[in-house]
Every structure is written in C-alpha cells, then in structure tokens.
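Participant: Shown below is the structure under consideration.
The values are calculated or read from the model by the stated rules, or taken from the named source; none is laboratory data. Given the structure is predicted, the values throughout are model-derived calculations rather than measurements. Glycine gets a Cβ as well: all are built from the backbone with ideal geometry, and neighbour counts include every protein chain shown. We work out accessible area using only protein heavy atoms, side chains counted, and drop any ligands, DNA or RNA first. Shrake-Rupley method; radii C 1.70, N 1.55, O 1.52, S 1.80 Å.
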Amino acid sequence: MEILLDGLQDPGVIELLQVHLADMYATSPPESVHALDIDALSHSSITFWCAKRQGEVIGCVAIKELNKTHGEIKSMRTSAAARNQGVATALLLHLLDEAKRRGYQQLSLETGSMDFFAPARRLYQRHGFEYCGPFADYQADPNSLFMTRLID
C-alpha cells in the first residue's frame, strides 16, 4: 500500500469521496454533516492523501490546519473492499506522523454519535484520542462527538 499526496483529481478518489458524503447524509441530519466536498477539500488549509494498492484507491484522509499548533482530521475513509485490512490504521499513523512533522501539539476530529461511527471511534481511541468538547467553529450537537489527542 502507498499513501500519496493527492490533488483530488483521481477518479477513484472522487468516487470514494462521493460514497463518503452519501453515507454521511444517509446517517446524519444535514445540519450535522461536517464532511467536506471536493471543493471544500481543495482549500489551502487542507492537505489530502489517498491510499492506493496496485493503483486502486482504497482509502483517504485529510488534515486541516486550524492554527500552527492544532490540526483537524477530515475525510477519513476506507473503501468497502479494503475494510478490516489495516488501511485506516495506516492512514491515521501517517497523519499522526505528519502532525508531528508540522510541529502540531494537538490533533482533533469530529465524528458522528450514531452506531455507524462506532468503528471509527474505536480506532481513534486505540490511538490515544480522547473525547473532548467542541473545538474550532463547532457547536455542541447531539449527533456529533469530538475527540482530540496531544502530539508527542
């Protein structure tokens, strides 16, 4: 598996992000969906990577710089065909390394409170993320949970 910087042009990336957004809107009320579309992911504050195996896109993740010491995980997704194969763990470890390289002191995320998001929450907890209150521009929402981790 390779994890590569991506310019959001690869058809496999676009398809994975479309599936991701469709799942978010199918699972959460529209006002509680914080997943970003391709245009929003193209913002200069966001860096996007995809995971590929034999040329096929099997996952993606992005980091948004909130400030010089705090980053936010965005658009973490593994393709259905690649689930339970360590892709999400590899992407998360890559992001933690990148956060450390950038000098971030903290990495945070927003995820859903529904059962659909339980596997993601377990992954983040296994890697040292703890529940916290809303950060950045987020507001308290019964459909959202917030997690953070200090970067060593």
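Participant: Please give the net charge around residue 60, taking every other residue with its beta carbon less than 12 angstrom from that of residue 60, where Lys and Arg add +1 and Asp and Glu add -1.
Facilitator: On the way: positive: 52, 74, 77; negative: 6, 10, 15.
Net charge around residue 60: 0.
Participant: Moving on. Could you tally the net charge around residue 133, taking each other residue with its Cβ under 15 Å from the Cβ of residue 133, Lys/Arg +1 and Asp/Glu -1? Spell out each step's value before the answer.
Facilitator: Values: positive: 149; negative: 72, 110, 130, 137, 141.
Around residue 133, the surrounding residues sum to -4.
Participant: Hey, another quick one. For residue 122, put the label point 7 Å out on the Cα→Cβ axis and report which residues of the range 64-86 keep their amide N under 19 Å from it.
Facilitator: Residues 76-86 fall inside that zone.
Participant: Could you tell me the distance between the Cα centroids of the range 1-78 and the range 81-152, to the nearest Å?
Facilitator: Result: 13 Å between the Cα centres.
Participant: Given that compact globular proteins tend to follow 2.2 N^0.38 Å, what is the ratio of the alpha-carbon Rg of the range 1-94 to that value? Please list the in-between numbers first.
Facilitator: On the way: Rg = 12.9 Å, N = 94, 2.2 N^0.38 = 12.4 Å.
Ratio of Cα Rg to 2.2 N^0.38 Å: 1.04.
Participant: Not counting ligands, DNA or RNA, and with a 1.4 Å probe, what is residue 127's accessible surface area in Å² rounded to the nearest 10?
Facilitator: Ignoring ligands and nucleic acids, residue 127 comes out at about 40 Å².
Participant: Going Cα to Cα from residue 100, which lysines come in below 18 Å? Please leave out same-chain ones fewer than 8 positions away.
Facilitator: By straight Cα distance, residue 100 reaches 64, 68, 74.
Participant: Can you send over the carbon and sulfur percentage of the accessible area for the range 90-152, probe radius 1.4 Å, protein chains only?
Facilitator: Working: 1700 of 3420 Å².
Here it works out to 50 percent.
Participant: Carbon and sulfur: what percent of the range 1-68's accessible surface (1.4 Å probe)? All intermediate terms of the calculation are to be shown ahead of the outcome.
Facilitator: On the way: 1830 of 3660 Å².
The computed percentage sits at 50.
Participant: For the chain, what proportion of DSSP beta bridges, expressed in % and rounded to the nearest 5, is antiparallel? Display every interim value, and only then the final one.
Facilitator: Working: 29 of 32 bridges.
Roughly 90 percent of the DSSP beta bridges within the chain come out antiparallel.
Participant: Calculate, for the range 28-152, the solvent-accessible area per residue in square angstrom, rolling a 1.4 angstrom probe over the heavy atoms of the protein chains. Walk me through the intermediate numbers first.
Facilitator: Working: 6300 Å² over 125 residues.
Ligands and nucleic acids excluded, the figure is 50 Å² per residue.
Participant: Calculate, axis by axis, the spread of Cα positions in the range 57-115 along the three principal axes, and write the results as whole Å, longest axis first.
Facilitator: 36, 26, 14
Participant: Same structure, new question: For the range 47-149, how big is Rg over Rh, using alpha carbon atoms and the Kirkwood form of Rh? Could you put the intermediate results ahead of the total?
Facilitator: Working: Rg = 13.5 Å, Rh = 14.1 Å.
Reported Rg/Rh (Cα atoms, Kirkwood Rh): 0.96.
Participant: Which whole-number percentage describes the relative contact order of the chain, with Cα contacts under 8 Å and a sequence gap of 6 or more?
Facilitator: On the way: 240 pairs, mean separation 30.3, N = 152.
Taking the mean separation of contacting Cα pairs over the length of the chain, I get 20 percent.
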